[in-house]
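Let me begin by presenting the structure, written as structure tokens, before commenting on it.
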Amino acid sequence: MDYQLYQTKLANHKIFKDLKDSLSKYSGTKLCNLIVLQDDVLYVWNSVEICLYCVNLKRLDELEEETPYQKLHLLSPPAFCVERLLSSSCGSRLCLWGSRGVTVAELPTRWGRGGLFESGHQTVLCKSFSLDERFLYSQGEVLRVHWHPKSLSHLLVLVSDNTMRLYNIALKTGPKMVKSFSIGPKPVGSLGMTLLDSFGDSAVDFTPTPDTEHLLILSGNGDVYMMNSNFLDSSSPLQGRVRGPLAMYPAADDNYGAESCALACLPAPPAALLVVASASATLYHCLLLPCPTENKDDDGYALYVLESVELNIALSSKDDVPFAYPVHLYPCPGNTYACMHAEGVHTITLPVLDHLKDLALADECEVDTALSLVSSAASSARQLVCCRAPGGETAPRALLVLCRPAELLARSLEPYDLEDQLFKQLQLKNPSLDDDDINKILKERQKLSFTTIIQEVLSREVSQPILKMNKSVEPSPKESLELLTSATVKLREQYMSRQQRAGVAVLTKLTALQALQQQQHTWHQELQNDIENVQLQAAVLLEKRNLAEKRQERIKERCSAVIRLLRSHSSSSQQEREMLQQLESYRQRAANMLATSRTLKEHADTYLRQIKEWREDYKKKDIALGKSHSDTISSILQQQTNQISTIIEETKLLKDQLGVV
């Protein structure tokens, strides 16, 4: 798409005019990224209608008139406030996440000439599901979500309890948590989380390296940890082990700031360039290089700080605004990355990346020159947009207190490790269950109903204590004023504000349900129209079928009449009669020849029987001589043999005498 069209057509598109009401919901200085561009399709989240707007930029570029946008409604809309969108590299899934949850939407197929969803319907339904809804909504805060660098069906979620969770979202039974990695000390209760945040011991961001082999994890105190990303199918305990913190050179007393909040990694052969952003909008450019060491358990990498860039902005410091993620980092093509903050957007150009490439390709004689260029190259920051901004809960655990007047009071405590407790309770109650069955039960319990969400919103961290005072003693005006002031403050903070939040949640849910109801009503109308059209077509086809049957019966009757007429009025010609006589003569000849052949066959059978009888009679005849006859013949033959032998001997003697040879 031409750059000019971004400023003209897209900037004046109706999709942004319809988003004005939804953007008013996001107040304060907390940054949100509600747009994502994937495969020439721009997705925008509308928090009022609880749906996604999408427009095909390629079609917008080709057509002269304004291209209408489509609405993607989720079957299971998120119950939390969506803060960021994240698209998979293949473009088939979209991840919507905020500090209170993660929802994955399965995008429908795109087909047709315009490459639109469902061939261009104005409203399209998308299959969606939430990840560990109860745990993420109640017990922690989602800090960062990334697609696994080596898989299109796995999500990595960084939670505020110093754990990174790996989810498989491509299973037929729904998403499942595959593994959970501990990044640091796990807090116990909200007080422990506050202490970890104050000391900077909790992880705040992570990103994969350009070669997709490692994950870099940033802590609030500026420490960077490294973890191998090859842990999808391996069951080895060494896989997924966190190494670090990485050594940073040159060393600094404050570790280059104690309020780190964002991390980005840019390709810089032969390694990578790491950008660490602090809450004060200071950017540190570090070169990630292998660091040979004799310790086998060491990470083998180190960070070399090249420079720091300070952005001249003034972030808001209101107490009622959570100071989380004041800076977002987005790598851009080329030697540039974008830095988004509460007051606008900066772009930072890194000429050092070109010099690093030259250094990697330089010969031995050119190394000194290339190295001097690397050390002399300074980054430049340019502010593109200036928009100065205006100024976990679970099921309760009972606590019983016995007061002096012998009265029992009940208060609730909020457990933090709900998931671990549920797992242990299920194991104790059902020791015969397998881990898969327990995980399945836990998955069902992780589903969060809207009633539970409202209860979570209305549940209070503190409550107005029940007064147990001596009724005979009148409190002083000072005590009465302090009590009234404290009750008023708690009423405003813990009661009225939560009522307002509950009202907003109900209104949001109602808006989402109304949008789905409107869409279902529209589809119902379309189905009714289709049914009526089909019924009309069926009636027309039925009438045509009846008419065709009548015509077919008429044609059959006419054919039968014609055949009868032909049979009744038919007369044979002379040639036909001659042919019939010839055929009759042939038939008689055939009958005579058949009779003759039968007679011949009978004679042949008779002769064969006679010959067979003769052979059998001949075999039965026994020709034999008596004993006297045989003895006489034997003696005669013996005499003749002797005579012949005598004659032969005499003949030999005569030949010898006569000398005849």
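Here K478 sits with roughly 140 square angstrom of accessible surface, probe radius 1.4 Å. Once the Cα-Cα distance is subtracted from the 0.36 nm per residue extended length, the K655 to Q552 segment shows a gain of 25.0 nm. What base-10 log of the normalised intensity I(q)/I(0) is obtained for region 87-150 from the Debye formula, alpha carbons as equal point scatterers, at q = 0.17, 0.22 Å⁻¹? Debye output, listed in q order: -0.70, -0.93. Listed peptides 213-219, 545-551 appear in the order 213-219, 545-551 once ranked by packing, highest mean of other Cβ atoms within 10 Å at the front.
For region 480-635, the spread of Cα positions along the three principal axes, ordered from largest to smallest, is 170, 86, 16 Å. Modelled this way, with points 7 Å down the Cα-to-C-beta line, the labels at I531 and R615 are 8.9 nm from one another. Packing-based ranking of 526-535, 105-114, 78-87 yields 78-87, 105-114, 526-535, ordered from highest to lowest mean Cβ neighbour count within 10 Å. K556 sits with roughly 110 Å² accessible to a 1.4 Å probe, with DNA, RNA and ligands left out of the calculation. Using the Cβ-Cβ distance between L541 and L513 with R0 set to 45 Å, the FRET efficiency from 1/(1 + (r/R0)^6) comes to roughly 0.65. Simple spin-label estimate for E584 and L600 gives 2.8 nm between the two label positions (7 Å along the Cα-to-Cβ direction from each Cα). A 1.4 Å probe run over the protein chains yields, for region 92-150, 37 Å² of accessible area per residue, whole-number rounding.
Listed peptides 517-524, 644-651, 266-273, 203-210 appear in the order 203-210, 266-273, 517-524, 644-651 once ranked by packing, highest mean of other Cβ atoms within 10 Å at the front. Here the simple spin-label model places points 7 Å from the Cα toward Cβ, and for E307 and S635 these points are separated by 15.1 nm.
The values are calculated or read from the model by the stated rules, or taken from the named source; none is laboratory data. The shown structure was predicted, so the numbers you read here are calculated from the model rather than taken from an experiment. Positions of Cβ are generated from backbone atoms using ideal geometry, with glycine treated the same way; all protein chains shown enter the neighbour counts. Remember, those area values only see protein heavy atoms, side chains included, never the ligands or the DNA or RNA. Shrake-Rupley method; radii C 1.70, N 1.55, O 1.52, S 1.80 Å.
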